[in-house]
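Q: First the structure, then my questions, so here it is.
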Amino acid sequence: MAASLAESGEDAFRKIFKFYKRRNPPPDFSNVLDFSNGLPSGKMVPMKLDFAAVNDAQAATVGLQPVRDWRAFGLQGYPGFIFISNPFVLGSQAFWVRQCLKTYPQKPNVCNLDMHMSPYDTQDIWGKSAHDLRLPSSGKRRPSTLLERLRWVTLGYHYNWDTKTYSADHHTPFPADLHQLSLHVTAACGFRGFSAEAGILNYYRPDSSLGIHVDKSELDHSRPLLSFSFGQSAIFLLGGICRQDPPTAMYMHSGDMMVMSGQSRLLYHAVPRILPAPQGHTSSDMDSCSLALSRRDSSVVEPVSQDDWEVCFRYIQSSRVNVTVRQVLGPGQTFPPSSHQRTGADRSGGYRDEAEDGEIGKRKRSGSDPDSVETQ
Ligand code: OGA
Ligand code: MN
């Protein structure tokens with residue numbers, strides 16, 4: 001079905017995007033690749049990683065299994081694309097979810113709520129939301145908490161959504177823990193000396209989507225782009241270098257990682273749909289008790305308190321968080337003198353949370369439209 005739609009030319013990606021976004025009737029998901037079920041099929045090719053680049057103790061500090069146990073795949077026709085099916089140790093995802101919900105939204109990091117609220121009001125998003133999120137659902141609708149209104153957070157070089165650039169003047173320290181995780185994952189994939197310089201966190205509700213785009217605002221495209229997903233599942237579409245190229249659909253579940261490198265670094269991609277996580281995925285996988293037992297002093301990951309986990313668990317029962325980590329500058333590279341020039345992320349206007357008719361670019365995101373959450 002998806003394949004026959006693709007043949008009609010004009011913008012095959014857009015047609016497939018709309019196909020998977022459709023609610024009524026729901027689409028046929030049988031062509032969606034699923035890296036989580038055992039044996040590879042179709043275009044999936046098992047991939048050998050660099051086991052020696054990261055030792056087991058290093059992997060454990062960031063909550064990862066030994067690299068030799070990771071299930072990594074390439075995709076035929078997409079050189080440089082690597083999919084790693086949940087390489088986290090049981091229990092360690094809880095830490096990363098807690099960082100995404102409690103720590104990374106804190107100042108000096110930037111989020112969509114800053115665009116229309118005072119720094120005082122956005123200073124403790126977690127603290128202002130935790131109580132209400134813990135309340136048992138009474139059936140009555142309560143006002144959304146700030147955490148539920150969070151759509152994006154930027155880290156490191158803060159992406160400017162209006163100019164579609166990063167600049168030297170808008171930078172805060174990149175979180176050391178997320179840098180370590182990124183360093184080990186990229187090293188295992190054969191990339192030495194990755195420097196995590198910018199991060200974009202996307203927070204998805206069940207009806208959110210992420211429009212068709214290419215990430216090309218970073219100045220060095222020879223460095224890989226990393227993506228980590230937590231919570232509810234998603235359909236990810238990976239296309240070609242032209243929008244006419246029909247994309248491949250795959251599931252991203254909690255804990256899954258993607259590396260877009262080489263020829264796949266600049267491919268069109270999108271997230272047309274959020275889907276419920278397979279049964280048990282967000283609970284047993286994240287039981288943070290097991291982490292407390294296996295943790296060592298040098299660990300980056302730390303146990304999540306029962307109180308914090310209650311809030312995180314509630315949140316990810318209906319939401320998805322995606323973290324992309326980018327190296328912006330090549331070794332020794334600096335920003336060009338005029339930081340206002342457009343390096344041109346080709347996003348064809350706004351592409352996040354598209355209008356109901358699915359038209360890409362209908363809502364152009366700007367500083368004054370903080371709730372339409374697109375990435376660059
Ligand atoms: C992005 C992106 C994909 C995802 O933030 O640029 O492509 O899975 N995210 O959310
Ligand atoms: Mn992207």
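The values are calculated or read from the model by the stated rules, or taken from the named source; none is laboratory data. None of these values were measured; they are calculated from a predicted model. Quick reminder, even Gly has a Cβ in these numbers, built from the backbone with ideal geometry, and neighbours come from all protein chains shown. The area values use the complete protein model at the heavy-atom level, side chains included, leaving out ligands, DNA and RNA. Shrake-Rupley method; radii C 1.70, N 1.55, O 1.52, S 1.80 Å.
Q: Which pairs have Cβ atoms under 9 Å, sit 6 or more apart or on different chains, and link a residue in the stretch 142-165 that is within 19 Å of residue 100 (Cβ to Cβ) and open to solvent by less than 10 Å² (accessible area, probe 1.4 Å) to one that is part of a strand (DSSP E or B) and at pLDDT below 95?
A: Matching pairs, first to second residue: 152/352.
Q: Additional query: Taking the residues in the stretch 95-130 that are of a type in the set (Lys, Arg) and part of a helix (DSSP H, G or I) as candidates, determine which candidate is most open to solvent (accessible area, probe 1.4 Å).
A: We begin by selecting, within the stretch 95-130, every residue of a type in the set (Lys, Arg); these are 98, 102, 107, 128.
In the following step, the residues that additionally are part of a helix (DSSP H, G or I) were identified as 98, 102, 128.
Working: 98: 23, 102: 60, 128: 96 Å².
Checked the stretch 95-130; the qualifying residue most open to solvent (accessible area, probe 1.4 Å) is 128.
Q: Then there is this: Could you check the stretch 232-252 and list, in sequence order, the residues that are farther than 15 Å from residue 72 by Cβ, within 11 Å of ligand 1 (Cβ to nearest atom) and open to solvent by less than 10 Å² (accessible area, probe 1.4 Å)?
A: Within the stretch 232-252, 233, 234, 235, 237, 238 meet the criteria.
Q: Against the conditions (1) without any contact (Cβ under 8 Å) to a residue 40 or more places away in the chain; (2) open to solvent by less than 30 Å² (accessible area, probe 1.4 Å); (3) in a helix (DSSP H, G or I), where does residue 68 fall short? Just the number, please.
A: Condition not satisfied by residue 68: (2).
Q: Which numbered condition trips up residue 372, out of (1) open to solvent by less than 10 Å² (accessible area, probe 1.4 Å); (2) closer than 19 Å to residue 112 by Cβ; (3) at pLDDT 95 or above?
A: Condition (3) is where residue 372 drops out.
Q: Of all residues being crowded, with 20+ Cβ neighbours inside 10 Å and small (Gly, Ala, Ser) in the stretch 264-289, which is modelled with the lowest pLDDT? Just the residue, please.
A: Once the filter is applied, the top-ranked residue is 288.
Q: Determine which single condition residue 87 fails, assuming it passes every other condition in (1) buried (at least 20 other Cβ atoms within 10 Å of the Cβ); (2) farther than 20 Å from residue 204 by Cβ; (3) touching a Ser or Thr at 6+ places or on another chain (Cβ under 8 Å).
A: Only one criterion in (1) buried (at least 20 other Cβ atoms within 10 Å of the Cβ); (2) farther than 20 Å from residue 204 by Cβ; (3) touching a Ser or Thr at 6+ places or on another chain (Cβ under 8 Å) is unmet by residue 87, namely (3).
Q: Let me ask you something else. One residue is enough: does the stretch 176-190 have a residue meeting the conditions outside any loop (DSSP other than H, G, I, E, B) and within 16 Å of ligand 2 (Cβ to nearest atom)?
A: Keep residues of the stretch 176-190 that are outside any loop (DSSP other than H, G, I, E, B), which gives 176-188.
Pick out the ones that are also within 16 Å of ligand 2 (Cβ to nearest atom) and you get 182.
Looking through the stretch 176-190, at least one residue is outside any loop (DSSP other than H, G, I, E, B) and within 16 Å of ligand 2 (Cβ to nearest atom).
Q: Now a separate question. Report, by residue number, each residue of the stretch 209-230 that is more than 14 Å from ligand 2 (Cβ to nearest atom) and closer than 21 Å to residue 281 by Cα. Lay out the reasoning, then the answer.
A: The first filter runs over the stretch 209-230 and keeps only residues more than 14 Å from ligand 2 (Cβ to nearest atom), leaving 219-220, 222-223, 230.
Within the stretch 209-230, just 230 meets the criteria.
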